[in-house]
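Here the structure is laid out as structure tokens; the discussion comes afterwards.
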Amino acid sequence: MTKNNLLTEQLTYAGDSPTPTHLHLCSYNADHIERLESRNIEELIPKLEEKSIHWIQVHGFKDTESIRRLCQHFEIDFLVMQDILNTEHRSKVEVHPGYNLIILKRLIKTPSNGFQPQQLAIVQGHNYLLTFGEQDTDFLNDIHAALEKNVLKIRQRPSDFLLCVILNSVMAHFTSIISQQEDGLEELEERLVDPEHLHTPGIEEIQQYRRNFRLIKKCVAPVKEEIKGLLYAGNGLFHKETFPYFNDMNDHLLFILQTLDGCREMISSLLDLYTSQNDLRMNDIMKQLTVVSTIFIPLTFLAGIWGMNFQHMPELGWKYGYLLAWGLMLLTSAVVYVYFKRKKWY
């Protein structure tokens, strides 16, 4: 049974990731960049200078007390801490006095051609940005490389620009997944319309794509309207200079949602095509069975006549009666077969 989170002061991680909790600090400004890894927030606090931007990545949720101390240092509400640790929480955007909260999902491929969602929680403050993930990942390594090279003067920009860069990485992640899924749908379509293809897709394969797109939409759609609130938040954490980069990220988000709608229509078309192909195959099988049955109906009729137990049947005593019966049966079968061939019924 789900517990009421307003009746407890304890933080609980309900996931199953075995990754031990550890923190990666990346402090930077226009002149330098410094990195530090630790399992203890107290070791990082002396490094948090006011004149630098501090990006702290938290990997692993097992040590909830360390996460509590980190959040308390940045004056993050208890309910927000609970949302961060609740890996089943829906994607959302919240504006708080002094910081913004963004909860997103990223997808991990499973052996069954499906996806497993993993939570990525982001807290953006005036001179800091916290990211929380269940496992170690190289998902944001490109951003570290950009910080090293100071791409687009990223180290001279405020924390909202780093947030836009991370959000763009998340959207690029979903765009890549959708592109792969689209390619898979096109391959499915080719296999369905090609009757000579050795591996005709089954309904389960099509349904797997439907489940994947439903999961992607569940991860992305909730933030479509909410994320615009960051631009007009009253906490002063977003600057006008960052608006173009934010709008670029928002364009990627809209592209993902539009592509999802197109893919949903394509899946519906594939299901209709699959049903039609099945009906055609069934009709073809029924046609062949009907032809075979029609050929044997007159043979059954002849066999029934000569199988009657009347005492006087002249051909039964005839020397060539047996050969006549076989010849008549073969001739009847040949005539029916040729007739069907000329009518193009077979």
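Data overview
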| read-out | value |
| --- | --- |
| Rounded percent of accessible protein surface that carbon and sulfur make up, segment 131-180, 1.4 Å probe | 49 |
| Kirkwood Rh and Cα Rg combined as Rg/Rh, segment 108-234 | 1.09 |
| DSSP-assigned coil residues among chymotrypsin sites (Phe, Trp or Tyr not before Pro) in segment 283-315, each with at most 12 further Cβ atoms within 10 Å | 310 |
| With at most 10 neighbouring Cβ atoms within 10 Å, loop GluC sites (Glu not before Pro) (DSSP) excluded, longest segment of the chain | 197-346 |
| Kirkwood hydrodynamic radius over Cα pairs of segment 1-114, then Stokes diffusion coefficient at 4 °C and 1.567 mPa s, in µm²/s | 81 |
| In degrees, nearest ten, helix 203-220 long axis to first principal axis of the chain (Cα) | 20 |
| Cleavage-rule hits, trypsin sites (Lys or Arg not before Pro), segment 243-343, DSSP coil, Cβ neighbours within 10 Å at most 14 | 319, 343 |
| In sequence order, calculated HN-Hα J values of segment 68-79 (Karplus, 6.51, -1.76, 1.60; Hz; x Gly/Pro) | 4, 5, 5, 5, 5, 4, 9, 6, 8, 4, 5, 5 |
| Residue (of 79, 101, 259) at the positive-pole extreme of the chain, dipole from beta-carbon charges | 259 |
| When segment 269-346 is reduced to its Cα atoms, the Kirkwood hydrodynamic radius in Å | 15.4 |
| Carbon plus sulfur fraction of accessible area for segment 218-257, probe 1.4 Å, in percent | 56 |
| Rounded accessible area of residue 174 (nearest 10 Å², 1.4 Å probe) | 0 |
| Reachable aspartates and glutamates from residue 153, criterion Cα separation under 14 angstrom, eight or more residues apart if same chain | 31, 241 |
| Acute angle (nearest 10 degrees) that the helix 321-342 long axis makes with the longest principal axis of the chain, alpha-carbon atoms | 40 |
| Computed [θ] at 222 nm, helices only, for the chain once each DSSP H run of length n ≥ 4 contributes -39500 (n - 2.57) | -17000 deg cm²/dmol |
| Around residue 35: net Lys/Arg minus Asp/Glu count, Cβ-Cβ under 12 Å | -2 |
| In order through segment 154-167: 3J(HN,Hα) via Karplus (6.51 cos²θ - 1.76 cosθ + 1.60), integer Hz, x for Gly, Pro | 4, 6, 8, 9, x, 5, 5, 5, 4, 4, 4, 5, 5, 4 |
| Distance-filtered residues of segment 319-338 - backbone nitrogen under 14 Å, label point 7 angstrom along residue 297 Cα→Cβ | 333, 336-337 |
| Over the chain: Kirkwood hydrodynamic radius from C-alpha pairwise inverse distances, Å | 25.5 |
| Most mobile of 84, 206, 103 in a GNM of the chain (Cα contacts under 10 Å) | 206 |
| Accessible area per residue, Å², the chain with all protein chains present, probe 1.4 Å | 58 |
| For residue 87, distant residues with modelled amide H under 5 Å away | 14, 15 |
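The values are calculated or read from the model by the stated rules, or taken from the named source; none is laboratory data. Treat the numbers as computed from the prediction; the structure is a model and nothing was measured. Every residue, glycine among them, receives a Cβ derived from its backbone with ideal geometry; neighbour counts consider all protein chains shown. Surface areas here come from the heavy atoms of the whole protein model, side chains and all, with no ligands, DNA or RNA. Shrake-Rupley method; radii C 1.70, N 1.55, O 1.52, S 1.80 Å.
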